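Have a look at the structure below, then the notes.
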There are 2 protein chains.
Amino acid sequence: MVKPAYVAVDWGTSSFRLWLIGSDGSVLAERRSNEGMTAAAATGFGAVLANHRQAVSAPADLPVIICGMAGARQGWVEAGYLDVPAALSTIPFAAVRVPDVAADIRILPGLAQRDSAHPDVMRGEETQLLGALNDLTDAHSLVCMPGTHSKWVHVADGLVTRFHTFMTGELFDAVARHTILKHSIADAGAVDGGSDAFRQAVEEVIRNPTAATSLLFGARSGALLNGLSPADAKALISGTLIGLEIAGALDAGQPGAPVVLVASGALGSLYESALDCAGVKPMIVDADNAVRAGLAVAARSLWAL
Amino acid sequence: MVKPAYVAVDWGTSSFRLWLIGSDGSVLAERRSNEGMTAAAATGFGAVLANHRQAVSAPADLPVIICGMAGARQGWVEAGYLDVPAALSTIPFAAVRVPDVAADIRILPGLAQRDSAHPDVMRGEETQLLGALNDLTDAHSLVCMPGTHSKWVHVADGLVTRFHTFMTGELFDAVARHTILKHSIADAGAVDGGSDAFRQAVEEVIRNPTAATSLLFGARSGALLNGLSPADAKALISGTLIGLEIAGALDAGQPGAPVVLVASGALGSLYESALDCAGVKPMIVDADNAVRAGLAVAARSLWAL
């Protein structure tokens with residue numbers, strides 16, 4: 001039977017995931033909950049972790065590697081930022097050890113771009129990058145990690161040189177829930193990345209990016225004048241925001257650098273379709289696998305496993 | 001003593017304004033309340049109007065001219081849309097009369113751009129345009145009416161040929177209240193259009209429009225890394241959204257067409273400063289005066305005053 005070697009934790013703002021990893025690298029057990037930073041800050045990070053460790057019968061002295069918001073200022077122990085340009089391989093060694101606990105528990109740092117004109121930060125995505133690194137065989141890659149705050153990262157020979165955050169996911173939620181457009185998309189289901197409405201919106205905003213906030217209003221005027229359906233109105237909003245992000249990321253990228261899309265499920269399909277509209281065929285890396293692989297790289301760097 | 005000639009009403013989504021106008025065109029009395037369409041739909045449009053007429057002692061048979069959301073489908077009586085291209089002078093004659101009431105009460109229509117690729121609608125702003133028309137002496141003008149849903153209108157020889165709605169004001173509210181950026185702007189006061197933070201944000205997004213939703217995130221990363229103040233973070237968000245709107249409107253405009261800014265107060269100052277960053281010196285028309293002047297043009301067109 002495979003012996004447990006370490007515990008890996010991806011601790012986001014609103015979600016918590018834990019894996020018990022065996023000495024051969026296999027996943028022995030997994031836990032998911034909504035005890036993210038916000039919830040854990042109220043109940044105690046140590047207690048949340050202890051409960052889940054116990055649930056998978058992890059020995060009390062098993063080391064733990066953590067990435068994400070547990071290292072934020074409002075998190076468990078602040079893990080700071082590594083400044084770019086930063087070699088991905090150095091990230092594990094900048095982890096902060098949680099004091100006054102029996103086990104060796106370490107929290108990985110984020111990355112910071114300390115640029116007065118274009119400051120930027122990430123926390124959690126650096127671990128996905130570390131996990132995807134094995135797939136980044138090109139000298140230069142532009143890595144897209146879509147989400148609430150999408151990250152586009154320039155990686156060259158294992159070095160993160162620059163990155164940009166686009167607020168696409170959070171803007172979509174704010175627009176869909178808190179503006180007049182909510183009436184035009186009522187009860188629409190998930191956006192279909194293959195739909196004409198989505199692809200046309202992506203193509204239109206790439207052609208005409210300064211019109212972005214006007215194109216969004218087309219979800220309402222289209223519903224009023226042209227009978228645009230709620231599903232198509234929602235696809236229009238999503239396509240406009242994702243298309244603007246892709247246009248901006250490619251504008252800021254090195255022309256011709258291969259694009260790596262680190263994503264899973266429905267969001268991955270939307271971005272794959274939107275990138276196709278922009279004439280880009282990305283290499284695809286599964287985001288769930290990438291974060292676990294990144295935590296594994298960190299664990300192997302820190303401990304003799 | 002000047003005799004009252006008609007009642008003019010600007011009936012928005014959330015606000016109600018009424019003026020009692022004399023036979024010489026002067027304002028004899030004014031009323032403002034928050035009984036906009038949303039509130040009046042619950043209590044009854046007729047009752048709201050009757051109360052305010054009584055408060056200014058308007059004779060029961062005095063005619064009433066109304067613009068705005070009272071003419072929307074969810075309003076009092078649907079006043080439809082006039083399709084562009086539309087001569088501004090024909091707007092009054094498309095007004096809809098409220099049935100089954102003692103007085104002659106008419107509601108002005110909105111304007112619709114029935115274009116499958118760029119459908120658009122306005123309701124209320126057409127009356128401001130009508131009022132500003134006397135100031136539109138140039139053969140071609142690009143008229144900016146900033147607000148929750150900013151309108152940019154192409155007017156040529158009294159004809160509205162085309163217009164675009166930008167969701168700037170509503171997006172600002174959604175971003176400032178319902179995204180992570182709310183933490184970076186906590187307790188900041190009104191945005192100063194003359195501040196470096198505002199002007200730099202406008203200039204940056206004009207130079208780099210595809211980066212818009214990434215520049216917004218700078219309000220957070222700037223606060224985390226560079227000590228950006230809440231006031232400057234709020235100015236950055238406002239400048240980015242207004243700058244993107246101006247870039248889009250100018251891109252869609254006829255090069256060199258004079259810009260007319262129909263606005264009042266603080267919002268007018270913000271747009272004047274942002275337009276200055278884009279190298280545009282607009283002619284300025286007061287928005288409050290414009291809507292009253294537009295209602296007066298409509299009243300004189302409809303009735304022998």
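Any read-out appearing in this document is the output of simple, stated calculations on the displayed coordinates, not a laboratory observation. Just so it is clear, the structure is predicted and the values come from calculations on it, not from any experiment. Please note: Cβ atoms are built from the backbone with ideal geometry, for glycine as well, and neighbour counts cover all protein chains shown.
Quick notes on this one:
- Per-residue HN-Hα couplings for the stretch B:88-102 [Karplus 6.51, -1.76, 1.60; θ = phi - 60°; Hz; x = Gly/Pro]: 4, 5, 8, 4, x, 6, 9, 5, 9, 8, 6, x, 6, 10, 5
- Residues whose amide H falls under 5 Å from that of B:ALA79, counting only those 5 or more places apart or on a different chain, are B:ALA72, with hydrogens built in the peptide plane.
- For residues of A:202-212, the mean tally of beta carbons on other chains within 10 Å: 5
- For the stretch B:149-219, the spread of Cα positions along the three principal axes, ordered from largest to smallest, is 47, 25, 24 Å.
- The stretch A:166-286: translational diffusion in µm²/s, Stokes-Einstein, Kirkwood Rh over Cα pairs, 25 °C, 0.890 mPa s: 170
- Share, in percent, of DSSP beta bridges within the stretch A:1-125 that are antiparallel, nearest 5: 60
- Taking 7 Å steps out from each Cα toward its Cβ at A:ARG73 and B:ALA41 produces label points 4.2 nm apart.
- Residue-wise HN-Hα couplings along the stretch B:263-275, as the Karplus relation 6.51 cos²θ - 1.76 cosθ + 1.60 with θ = phi - 60° gives them from phi, are 7, 9, x, 5, 5, x, 5, 4, 5, 4, 5, 5, 5 Hz; Gly and Pro carry x.
- Computed from the C-beta positions of A:MET1 and A:ASP115 and an R0 of 51 Å, the FRET efficiency is 0.50 to the nearest 0.05.
- Whole-Å distance, taken between Cα centres, linking the stretch B:214-254 and the stretch A:201-228: 21
- Amide proton proximity set for B:THR13, modelled H, under 5 Å, gap of 5+: B:MET37, B:MET69
- In this structure the amide hydrogen of A:LEU28, modeled in the peptide plane, comes within under 5 Å of the amide hydrogens of A:LEU20, A:ILE21, A:GLY22, none closer than 5 places in sequence on its chain.
- The tail of the calculated P(r) for the protein assembly as shown, taken as Cα-Cα distances beyond 45 Å, holds 28 percent of the pairs.
- Relative contact order of chain B, defined on C-alpha pairs under 8 angstrom at six or more residues apart (%): 16
- The modelled label-to-label distance for the pair B:THR90/B:LEU159, using points 7 Å beyond Cα in the direction of Cβ, is 1.0 nm.
- Projected area averaged over orientations for chain A, convex hull of C-alpha atoms, nm²: 16.8
- Annotation: the antiparallel percentage among DSSP beta bridges lying fully within chain B is about 65.
- Scaling against 2.2 N^0.38 Å puts the C-alpha radius of gyration of the stretch A:4-123 at 1.08.
- For the stretch B:109-192, the spread of Cα positions along each principal axis, largest first, Å: 48, 32, 21
- Charge tally in the Cβ shell below 13 Å around A:GLY12, where Lys, Arg are +1 and Asp, Glu are -1, A:GLY12 excluded: -1
- Whole-Hz Karplus values for the stretch A:195-205 come out as 6, 4, 4, 5, 5, 5, 5, 4, 5, 5, 6 Hz, taken residue by residue from phi with 6.51 cos²θ - 1.76 cosθ + 1.60 and θ = phi - 60°; glycine and proline positions read x.
- Virtual spin-label span in nm between B:VAL27 and A:ASP100, 7 Å along Cα→Cβ: 6.5
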